[in-house]
Amino acid sequence: MKRIGNLYHQITSIENLRLADAIAQKGKQQQYGVKLHNKNREEDLLKLRVTLQNRTYQTSKYDIFKVHEQKEREVYRLPYFPDRITHHAIMNVLESIFVANFTADTYSCIKGRGIHKASNNLKKALKDVSGTTYCLKLDIKKFYPNVDHDILKMLLRKKFKDTDLLWLLDEIIDSAPGLPIGNYLSQYFANFYLSYFDHWIKEDKRVKYYFRYADDIVILSDSKDFLHEILAEIKQYLSENLKLTVKGNYQVFAVEDRGIDFVGYKHYHEYTLLRKSIKKRFARAVKKKKPKSTIDSYLGWAVHCNSNNLIKKLLSDEQLQRLRN
């Protein structure tokens, strides 16, 4: 595999830093950190460039807080300047390189893919009813906190040979334990960390029906025995190569018995429904007369599955007309 170099000068160019700043600001102009930065925008960018060029850049202190979305998570937030600008500057140059390394079977945080692409591709696969009789569903135990820094750095060195770039990526990686949720670069590091595992699944193990969204994995087959065998091999691969553990709630089951709960939907061979928890939140939002934007977001989920009866049950014709307007 050819390693890539001569990237750091692209990342640290003043033109790229200005572009990164403009992208990072989209929809966030009213945030305090953005307003503060914009008072001395050009001076800040020149200062940032100097710290990157002479390798004195240091990741700022994280603001850490907890969120409760299905389960409690610690979220890490960095200041707008200099950190979020720096992350965007890096990804302006590296995004296409990272994405080219990903297989077509991973969907999280990749432009042009995402939740609905994952769901639609799973629906297409399920049309092969005999070939998708059984499902293996698993996820990785505390994936983001358990990403090993030394392994991630080793994998990055398989792809890049630019020593200045590797210094900067190392500095950001070592700024927090694991991969900090909420950190812009973390979502790309996470996909990259599992990308060689994806290639192993597809190319070495020749698994036909494989879907990964972050650390949520679905594999389909006509053989229950095969799924148990590949599960054992996955456990071994993750443990030996990435120091990761499969969560104990993995399942091997017949699709027609319970459907596949994946990316917010329950997928069957003939139809797809909203996940029960999302359906409940949708109903609660309608009952409490939440703002149009909130109802619209749930409706956006619902229209991608077989939910006409649910929509008719929750929303009157008058409400639907208002939402369309």
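If you take the Cα centroid of segment 90-166 and the Cα centroid of segment 198-274, the two points sit 14 Å apart.
In the assembled protein chains, ARG77 presents an accessible area of approximately 110 Å² (probe radius 1.4 Å).
When you filter the trypsin sites (Lys or Arg not before Pro) in segment 119-183 for DSSP loop state and at most 11 other Cβ atoms inside 10 Å of their Cβ, you are left with LYS127.
For segment 94-154, the equivalent ellipsoid derived from the alpha-carbon gyration tensor has semi-axes of 27, 18, 10 Å in decreasing order. Accessible area per residue for segment 7-257, computed on protein heavy atoms with a 1.4 Å probe, is 48 Å². Going through the cross-link list LYS280/LYS313; LYS205/LYS235; LYS142/LYS235; LYS287/LYS313, which pairs have a Cα-Cα distance over 18 Å in this structure? Violating the 18 Å limit, Cα to Cα: no pairs.
How would TYR80, TYR237 line up by accessible area, probe 1.4 Å, largest first? Please list the in-between numbers first.
Numbers: TYR80 5, TYR237 40 Å².
I get TYR237, TYR80, largest accessible area first.
Please sort by residue number the trypsin sites (Lys or Arg not before Pro) in segment 272-310 whose DSSP state is loop and whose Cβ has at most 11 other Cβ atoms within 10 Å. Sites meeting the loop and neighbour criteria: LYS288, LYS289.
The HN-Hα couplings worked out from phi for segment 258-274 by the Karplus form 6.51 cos²θ - 1.76 cosθ + 1.60 (θ = phi - 60°) are 9, x, 9, 7, 8, 6, x, 10, 9, 9, 10, 5, 9, 7, 9, 10, 5 Hz, whole numbers, x standing for Gly and Pro. Overall dimensions of segment 208-325, expressed as equivalent-ellipsoid semi-axes from the Cα gyration tensor (√(5λ), whole Å, largest first), are 37, 16, 10. Relative contact order of the chain, taken over Cα pairs closer than 8 Å and 6 or more residues apart, is 20 percent.
Considering all C-alpha pairs of the chain, those separated by over 27 Å amount to 54%.
Quick one: pull the percent of accessible area on the chain belonging to carbon and sulfur, 1.4 Å probe, ligands and nucleic acids left out. Don't skip to the answer; put the middle values down first.
On the way: 8140 of 17070 Å².
Summing carbon and sulfur atoms, their accessible area is 48 percent of the total for the chain.
Please report the net charge: other residues with Cβ closer than 14 Å to the Cβ of GLY259, K and R +1, D and E -1.
It works out to a net charge of +3.
Mean residue ellipticity at 222 nm from the helices of the chain, using -39,500 (n - 2.57) per DSSP H segment of n ≥ 4 over the full residue count, to the nearest 500 deg cm²/dmol?
On the way: 16 runs with 164 residues, N = 325.
After summing the helix terms and dividing by the residues of the chain, the value is -15000 deg cm²/dmol.
For segment 173-189, putting each phi into the Karplus relation 6.51 cos²θ - 1.76 cosθ + 1.60 with θ = phi - 60° gives couplings of 4, 7, 7, 7, x, x, 10, x, 5, x, 7, 4, 5, 4, 5, 6, 4 Hz, in residue order, rounded to whole numbers and with x for Gly and Pro. Under 19 Å between alpha carbons, and skipping anything fewer than 8 positions from LYS159 in its own chain: which lysines qualify? Those lysines meeting the cut-off are LYS2.
The values are calculated or read from the model by the stated rules, or taken from the named source; none is laboratory data. Not measured: the values here are computed from a predicted model. No Cβ is skipped: glycine too gets one built from the backbone with ideal geometry, and neighbour counts run over all protein chains shown. When the accessible area is computed, the model is the full protein with side chains, heavy atoms only, and any ligands, DNA or RNA have been set aside. Shrake-Rupley method; radii C 1.70, N 1.55, O 1.52, S 1.80 Å.
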